[in-house]
Amino acid sequence: MTTAGSPTSRTEFGLRAIALKRGREDRLKSGHPWIFAGDLAEPLPADVAGAPVAVLDHRGGFLAIAVASGGGGLVLRVLTRQREVIDQAWLAGRLSSAIALRRRWLGEVEGVRLVNAESDGLPALIVDRYGPFLSVQSLSAGADRMLPNVVEELVNLLSPVGIYERSDVAIRALEGLPERKGVLWGEEPPDEQVIQEGKARFLVDIKNGQKTGFFLDQRLNRQRLQTLCGGKRVLNTFCYSGGFSIPAAIGGAASVVGVDVSASALDLARHNAEINKVGERCQWVEANAFDYLRELDRDRKRFDVVVLDPPAFTKTRQSVPGAMRGYKEINLRALKILEPGGLLVSSSCSHHMDAETFLSVIAEAAADAGRHLRMVDYTGPGPDHPSLPAAPETRYLKCFWGVVS
Ligand code: SAH
């Protein structure tokens, strides 16, 4: 197999072979799926962008088959650690396994993440289901290249009415890829697609909504909140389309105030309240949640339940200190406006803020607010968002449940 000369000239199953530097195979061997530019013996040849390559250790030993990036520091993403052919049958196997996992854990549900990228062995590929429509997001040159095959296989496996692409995300620029959206197959989704989640029905804007239309990751946390709100005054900040407000109201909340900066999100939220027949107990406020929380505290308003579900405050490791201040601020305000015995439901979806750090921020907020806070639970996303034990980057959502005295 080994030929003299460049270590990148070797091949495995006809694949281009890419060698790692000596001592750089440990992350890969531990189960992590990413290889960075500094791990390679030689720079990645430009003509492999998007293609599968064989990854070898410095002695030429086979480590994995990975897909090459189109640019950026993350140069290779592992497809398999087996010596196998990456073809349509391989792809069908990965997609079937991802779909089977959701069926087993959640049954047949209308809103669900069917493919969660690296965690399902399909790097940089997201597939979400909203009723009869699929929403697909491709975040790399490799996922782009595989996309026609993915569409073909999704049609075979799921017979959707339509498949829509939501690759309109800035992160694609790292691989030199443009933002893109539109129909990939079949019919165009309606402006508002209804999905059932537990007892709630939600309208999803597949074409223009945030993410791929809905925050599917909070499913179990929303359903749990529903059981804790009977007769309570609930404040739901960063409410988007009312993901937490609607279950709170269905669960018998006396009143639910939802706050978001986005007028279009609040339009959807209002519709959601109407179709769930809880409109009269829901109120929607278009405001910056930081300012609004401060005003509520100043005006001595009080709540029995406060939900905080902000967007990621940090996208880089460098901005973690600033993000910590942001999280501390909103948690401090929330704790101040909770009645004794009140419930704080506080989420962070920042990849760079690990679970222990987020907990320490909440502890500081409680200390500054002068409140005794008991943690009752600390949850993550639902089972349709699996993660890799060896890759902390695949875990991002944390949801703290605590009661103040
Ligand atoms: N809890 C929601 C998801 C929240 S996503 C659900 O279950 O569906 C975060 C939301 O925060 C987005 O809707 C975004 O519009 C909103 N947002 C971002 N910055 C904000 C700010 N400063 N004040 C209020 N809302 C904000």
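The values are calculated or read from the model by the stated rules, or taken from the named source; none is laboratory data. Small disclaimer: the values here were computed from a predicted structure and weren't measured. Virtual Cβ from ideal backbone geometry, glycine too; neighbours counted across all protein chains shown. The protein model used for the area step is the full one, side chains on, heavy atoms only, and it has no ligands, DNA or RNA in it. Shrake-Rupley method; radii C 1.70, N 1.55, O 1.52, S 1.80 Å.
Here are the numbers:
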{"quantity": "Check on residue 184, touching a strand residue (DSSP E or B) at 6+ places or on another chain (Cβ under 9 Å) and surrounded by fewer than 23 Cβ atoms within 10 Å (Cβ to Cβ)", "calculated": "yes"}
{"quantity": "Output for region 51-67, where each listed residue is buried (at least 17 other Cβ atoms within 10 Å of the Cβ) and over 23 Å from the mean Cα position of the chain (by Cα)", "calculated": "52, 53, 54, 55, 56, 57, 63, 64, 65"}
{"quantity": "Search result, residues across region 164-181 that are within 30 Å of residue 246 (Cα to Cα) and touching a strand residue (DSSP E or B) at 6+ places or on another chain (Cβ under 6 Å)", "calculated": "164, 165, 166, 167, 168, 181"}
{"quantity": "In region 138-162, the residues that are surrounded by 22 or more Cβ atoms within 10 Å (Cβ to Cβ) and assigned to a strand (DSSP E or B)", "calculated": "138"}
{"quantity": "Filter result (at pLDDT below 95 and open to solvent by 40 Å² or more (accessible area, probe 1.4 Å)) within region 315-331", "calculated": "315, 316, 317, 318, 319, 321, 324, 325"}
{"quantity": "Qualifying residue in region 208-215 (condition: at pLDDT 95 or above and of a type in the set (D, E, K, R))", "calculated": "no"}
{"quantity": "Filter pass, residue 238 being open to solvent by 30 Å² or more (accessible area, probe 1.4 Å), under 30 Å from residue 294 (Cβ atoms) and within 16 Å of the ligand (Cβ to nearest atom)", "calculated": "yes"}
{"quantity": "Selection within region 241-250 - surrounded by 24 or more Cβ atoms within 10 Å (Cβ to Cβ) and either free of Cβ contacts under 8 Å to residues at least 24 places away in the same chain or on the phi < 0 side of the Ramachandran plot (or both)", "calculated": "241, 243, 244, 245, 246, 247, 248, 249"}
{"quantity": "Residue within region 378-393 that is open to solvent by 30 Å² or more (accessible area, probe 1.4 Å), assigned to a helix (DSSP H, G or I) and out of contact with any Phe, Trp or Tyr (no Cβ under 6 Å at 6 or more places or on another chain) present", "calculated": "yes"}
{"quantity": "Check on residue 263, closer than 24 Å to residue 214 by Cβ and within 14 Å of the ligand (Cβ to nearest atom)", "calculated": "yes"}
{"quantity": "Residues being part of a helix (DSSP H, G or I), in contact (Cβ under 8 Å) with a residue 12 or more places away in the chain and either open to solvent by 40 Å² or more (accessible area, probe 1.4 Å) or within 9 Å of the ligand (Cβ to nearest atom) (or both) - total across region 270-292", "calculated": "7"}
{"quantity": "Single unsatisfied condition, residue 225 versus (1) more than 30 Å from residue 287 (Cα to Cα); (2) assigned to a helix (DSSP H, G or I)", "calculated": "(1)"}
{"quantity": "Condition met for residue 190 (at pLDDT 95 or above and part of a loop (DSSP other than H, G, I, E, B))", "calculated": "yes"}
{"quantity": "First in region 80-108 and more than 22 Å from residue 32 (Cα to Cα) and in the same structural domain as residue 67 (by TED's automatic domain parsing), second anywhere and open to solvent by less than 40 Å² (accessible area, probe 1.4 Å) and assigned to a loop (DSSP other than H, G, I, E, B), Cβ under 9 Å, 6 or more apart", "calculated": "none"}
{"quantity": "Out of 363, 334, 355, 312, sole residue that is hydrophobic (A, V, I, L, M, F, W, C), surrounded by fewer than 17 Cβ atoms within 10 Å (Cβ to Cβ) and within 16 Å of the ligand (Cβ to nearest atom)", "calculated": "312"}
{"quantity": "Qualifying residue in region 367-377 (condition: assigned to a helix (DSSP H, G or I) and among the hydrophobic types (A, V, I, L, M, F, W, C))", "calculated": "yes"}
{"quantity": "Single residue of region 187-232 satisfying the filter (open to solvent by less than 60 Å² (accessible area, probe 1.4 Å) and basic (Lys, Arg)) that is farthest from the ligand (Cβ to nearest atom)", "calculated": "207"}
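This table checks each residue for (1) in contact (Cβ under 8 Å) with a residue 40 or more places away in the chain; (2) closer than 21 Å to residue 386 by Cα.
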site	(1), (2)
124	yes, yes
137	yes, yes
141	yes, no
145	yes, no
148	no, no
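Residue-by-condition table, conditions (1) within 30 Å of residue 25 (Cβ to Cβ); (2) out of contact with any helix residue (DSSP H, G or I) (no Cβ under 8 Å at 6 or more places or on another chain):
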site	(1), (2)
338	no, yes
353	yes, no
367	no, yes
371	no, no
389	yes, yes
